[in-house]
Amino acid sequence: MKTKKIIKTARELAKPFRVSKGKNFRLKDIDPDDTLEFTEKADKPRAKETLAMGVTALAELQDKLYAQDKWAVLLIFQAMDAAGKDGAIKHVMSGVNPQGCQVYSFKSPSAEDLDHDYLWRCMKHLPNRGHIGIFNRSYYEQVLVVRVHPDFLAKQKLPPKLVGKKIWEHRFEDIRNFEQYLARNSIVVRKFFLHISKKEQKQRFLDRIDDPLKNWKFSSNDANERDFWDDYMEAYEEMIQETATKDAPWYVVPADNKWFTRVVVAAAVIETLASLDLAYPKVDEGKLKELAAAKKKLLSK
Ligand code: ATP
Ligand code: MG
């Protein structure tokens, strides 16, 4: 398939899941088990093929992004545990040149992190120009886990008068402004919420307990977070309503079927890169002369 055709297919695949305006977004409108018109039995192998083609197209686009050295792309992944963030990142980025890609996973903040404003640790890991940066979790934890568990907010050492009723509204506003600042500095932000159902998460946790090769992935704490499922879903919904913008849209990707999730994520990354004016730098007259002279010299010896 030609790159142009792949880009067209990618746009079609990503469109139903792209949220560029949050106002009317409702999480219940996205079914975690959705696979569009594809069925697991008939289309899973085709989806894998499409992913492989997508990965090749992505590598081509990334090569241009790197050579042009103007734009940076920041991909943010948020999800409940076991939704497949790591797998999606691994598969989708499998073909890209590691030199042009940076992945950073944000864990519970350290003492040093807590001694700063919450964007501080994220700023340090923003991608360089020409690079694709991936945040596995991000400053969005500030309106997710920190909202669901007020203990985390208490540890942030904020003076009480700054922790009022409007704190979440203010955080949304600051995040929107921050992302607009990034957009204006040619850092293109795209955000992914991998939307898994509570039922499928249970199944994946059980697999992690039953399969010795997956035991290391299981944490009882993750399973305990299921008690707060509804609070998390409410927090996710409001986060998307408040922070989905044209410049920094969310993709709400059904995550009960990993093969489908990966195709949609790849499609979204392709449509993002394809929307930029990527091109190899033009070589000027002087450089052409230099190349011709070097060739002549090389051939003469
Ligand atoms: P995996 O489990 O697949 O290795 P993970 O992203 O779940 O990946 P963990 O080390 O299990 O990694 O979890 C990181 C934990 O840190 C999550 O529970 C997340 O909610 C928490 N966390 C991240 N950022 C913050 C934050 N700013 N404040 C409080 N907790 C945070
Ligand atoms: Mg975890």
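A Förster radius of 35 Å combined with the Cβ-Cβ distance from residue 119 to residue 41 puts the calculated FRET efficiency at roughly 0.15. Extension gain, residue 233 to residue 156, is 25.4 nm, computed as 0.36 nm per intervening residue step minus the present C-alpha separation. A compact globular protein would have a Cα radius of gyration near 2.2 N^0.38 Å; the ratio found for the chain is 1.11.
Here the simple spin-label model places points 7 Å from the Cα toward Cβ, and for residue 295 and residue 20 these points are separated by 4.3 nm. Around the amide H of residue 19, modelled in the peptide plane, lie the amide H atoms of 250, 251, 252, all under 5 Å away and 5 or more residues distant in sequence or on another chain. Each part reduced to its alpha carbon centroid, the stretch 225-269 and the stretch 77-109 end up 15 Å apart.
In this structure, the amide hydrogen of residue 134, modeled 1.01 Å from its nitrogen in the peptide plane, lies closer than 5 angstrom to those of 75, 102, 103, 104, counting only residues at least 5 positions away or on a different chain.
Let me have the 222 nm mean residue ellipticity of the chain computed from DSSP H runs of 4+ only, each contributing -39500 (n - 2.57), with the sum over all residues rounded to the nearest 500. About -15500 deg cm²/dmol. Per 10 Å bin, what percent of the C-alpha pairs of the stretch 1-149 does each bin hold, from zero upward? Percent of pairs per bin, in order: 9, 30, 37, 20, 4, 0.
If the chain linking residue 173 and residue 185 were pulled fully straight, counting 0.36 nm for each residue of separation and taking away their Cα-Cα distance, it would gain 2.5 nm. For the pair residue 287 and residue 211 in one chain, pulling the backbone fully straight at 0.36 nm per residue adds 21.5 nm over the alpha carbon distance. Tell me, what is the FRET efficiency for residue 2 and residue 107 to the nearest 0.05, using R0 = 35 angstrom and their Cβ-Cβ distance as r? Once rounded, the FRET efficiency stands at 0.25.
The value given for the stretch 219-271 is a Kirkwood hydrodynamic radius of 13.2 Å, derived from the mean inverse Cα-Cα separation. For the chain, the membrane-span-like helix rule (DSSP H, alpha carbon extent of at least 15 Å along the helix axis, mean Kyte-Doolittle at least -0.5) picks out 3-14, 258-274, 285-300; this says nothing about an actual membrane.
Of the residues 180, 102, 203, the one that moves most in a GNM of the chain with alpha-carbon contacts below 10 Å is 203.
Bear in mind that the values in this text are calculations on the coordinates, not laboratory data. These numbers were taken from a predicted model, which means no experiment stands behind them. Methodologically, a virtual Cβ is constructed for each residue, glycine included, from the backbone with ideal geometry; neighbour enumeration extends over all protein chains shown.
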